[in-house]
Amino acid sequence: MNYSFDVVVIGGGPAGIAAARSAAQKGATVALLEREEELGGILPQCIHHGFGLQRFREELTGPEYAERELTLLAKEKVEIFLQTTVVDLHPGLIDAVSPQGSLHFKAGSIILAMGARERTAAAIGLASARPSGIFTAGAAQRLVNIEGCLPGKKAVIVGSGDIGLIMARRLSLEGVKVACVVEILPYPGGLLRNRVQCLDDFDIPLLLSHAVLKVWGEKRVEAVTIAKLDEAGKPIPGTERKVPCDCLLLSVGLIPENELSEKLNLAMDPATGGPVVDQDMETSVRGVFACGNVVAISDLVDDVTKQAELAGERAVELLRNPQSKQGVPLKMGKGVRSLYPQILVRPEPVEVVIRAASPMDKARATIGQASFNLRNVRPAQAVKIKLSAAEVEQILEAQGGTVELEGEASEN
Ligand SMILES: Cc1cc2nc3c(=O)[nH]c(=O)nc-3n(C[C@H](O)[C@H](O)[C@H](O)COP(=O)(O)OP(=O)(O)OC[C@H]3O[C@@H](n4cnc5c(N)ncnc54)[C@H](O)[C@@H]3O)c2cc1C
């Protein structure tokens, strides 16, 4: 079957929902393609609170946030294609498969919103005989919150990012004993509020500078060997200990889902793992926009919604007024692990999202000639800096700018 739309959005998570809504609000014909049976992306399985504080001024659960966004989406004319998996992409053309067969879409603008997937045991080179009982934290979350079953009775969690912390609390509430959370880095990964509410409140030990060296068990996980790491990240002999457990949850990072983006030969940024985007959230290929976790992993869904609205709006503006643009780069300097947008195109206010390379209690960020004082900079929490139109103009005139973060190093 063949279709034609002004804008086609790939992925029906919070990014895709907001992008589709904002494009439709601008009067475009819009299709939203989602491979699952329902919209919402990761949100339906995130039954904890912590969504929507900025956007709705209320602390919502993931399903509640999704419901609010879907109510807003229902007010707009967006054609939704569920159980529709995009399998191939060319500029302006999208091929998908669905229970109805092959679907082919012509699109004026394409918006990529495919989210992210979790790193697995293979990604961290975990030594094991591949027994059952090893789960990514997101898979365990789905088991508990959607399927209604437990991954085990005694768990060890690898990685102190937010998903690992939230699962430590979730399992404890369901009666699973969480022996410890093991973090390879010398500082915790997740947001401070999650460390307090998910570990401290449940007396779950967080072992920093520790790693799981071996998983014991042939058919089922029986124990793991953990050890302390030295400053070079090598296990310190004599610190090994065996921790009995019947499941191991891995919360070792998310990878933006960009196999489709690669089909378009988009310029990619190894630092974010996503496509390079300009301040319109447009990629290096004209008419292809991106938003949400596909661009860079976001801590807060509220930020995802905001940037997706921008992508939707700009995708329609391009169709109405296809002016050529000339971009200048924003480059990473000292102390910066990643940033976006990587390209600036015109003098208007822009929010630059930066990840620090290490924790700093007090820091100074410089972007081009502008500088900003910051406190409590943590790699786990994106730093968002609003540049004024004048500050962006200076960078444009200088043909680019560098972003640096300098400050007092922090222990945690
Ligand atoms: C466990 C967990 C806990 C979190 N906790 C919080 C929190 O407390 N507060 C907060 O603000 N944020 C939280 N977040 C972050 C927030 O949920 C994400 O930032 C947000 O979901 C990202 O939205 P997205 O639309 O980019 O991606 P996703 O939600 O992953 O949606 C992507 C969608 O694209 C679809 N898709 C992918 N490929 C294709 C394809 N080829 N064809 C068709 N469809 C496709 C997928 O099926 C999916 O529905 C959490 C995230 C996780 C994983």
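Using R₀ = 51 Å, calculate the FRET efficiency as 1/(1 + (r/R₀)^6) where r is the Cβ-Cβ separation of L93 and K242; round to 0.05.
After rounding, the FRET efficiency stands at 0.40.
Need the C-alpha centroid separation for the stretch 245-316 versus the stretch 1-65, integer Å.
Spelled out, the Cα-based centre of one part sits 14 Å from the other.
Which one, V87, L192, N321, is farthest towards the positive end of the dipole of the chain when Lys and Arg carry +1 and Asp and Glu -1 on their Cβ?
L192
So which GluC sites (Glu not before Pro) in the stretch 334-412 end up in coil per DSSP with only 16 or fewer other C-beta atoms within 10 Å?
Within the stretch 334-412, the qualifying GluC sites (Glu not before Pro) (loop, at most 16 other Cβ atoms within 10 Å) are E411.
Please give, to one decimal in nm, the separation of the simple spin-label points placed at R142 and R220, each 7 Å out from Cα toward the Cβ.
So the two model labels end up 2.3 nm from each other.
Considering the chain, what Rg and Dmax in Å follow from its alpha-carbon atoms?
Over the chain's Cα set, Rg and Dmax evaluate to 22.1, 67 Å.
How large are Rg and Dmax for the stretch 120-252 when only the alpha carbon atoms are used, in Å?
So, for the stretch 120-252, Rg and Dmax equal 13.7, 42 Å respectively.
So if I place +1 on the C-beta of Lys and Arg and -1 on the C-beta of Asp and Glu, and nothing else carries charge, what would the dipole magnitude of the stretch 326-412 be about its Cα centre? I want it in debye, nearest 20.
240 debye
So what is Rg over Rh here for the stretch 1-109, counting just Cα atoms and using Kirkwood for Rh?
Here the Rg-to-Rh quotient is 1.01.
Using 32 Å as the Cα-Cα cut-off, could you pick out the over-long pairs in K154/K228; K214/K384; K325/K386; K234/K263; K106/K306?
Working: K154/K228 21 Å; K214/K384 39 Å; K325/K386 22 Å; K234/K263 38 Å; K106/K306 26 Å.
The answer is K214/K384; K234/K263.
Treating the beta-carbon of each Lys and Arg as +1 and of each Asp and Glu as -1, no other charges, what is the dipole magnitude of the chain about its Cα centre, to the nearest 20 debye?
Values: 44 positive and 51 negative charges, 133 e Å.
My answer is approximately 640 debye.
Under a 5 Å amide H to amide H cut-off, with H placed in plane at 1.01 Å, what residues pair with D269 once short-range neighbours are removed?
G274, V276
Nothing charged except the Cβ atoms of Lys and Arg (+1) and of Asp and Glu (-1): what's the magnitude of the dipole of the stretch 36-143 about its Cα centre? Round to the nearest 20 debye.
Computed charge dipole of the stretch 36-143: roughly 280 debye.
How much mean residue ellipticity at 222 nm does the chain get from its helices, if each DSSP H run of length 4 or more adds -39500 (n - 2.57) and you divide by all residues, to the nearest 500 deg cm²/dmol? Working shown, then result.
Values: 9 runs with 88 residues, N = 412.
Taking each H run of at least 4 residues, the total per residue is -6000 deg cm²/dmol.
Note down the relative contact order for the chain as a percent, whole number, built from C-alpha pairs under 8 angstrom at least six residues apart. Present the calculation step by step, with values, prior to reporting the outcome.
Numbers: 1026 pairs, mean separation 64.0, N = 412.
Once divided by the residue count of the chain, the mean separation gives 16 percent.
Since every read-out is calculated from the coordinates, none of them should be taken as a lab result. Here the structure is a predicted model, which means the values were calculated and not measured. Cβ atoms come from the backbone with ideal geometry, glycine included; neighbour counts cover every protein chain shown.
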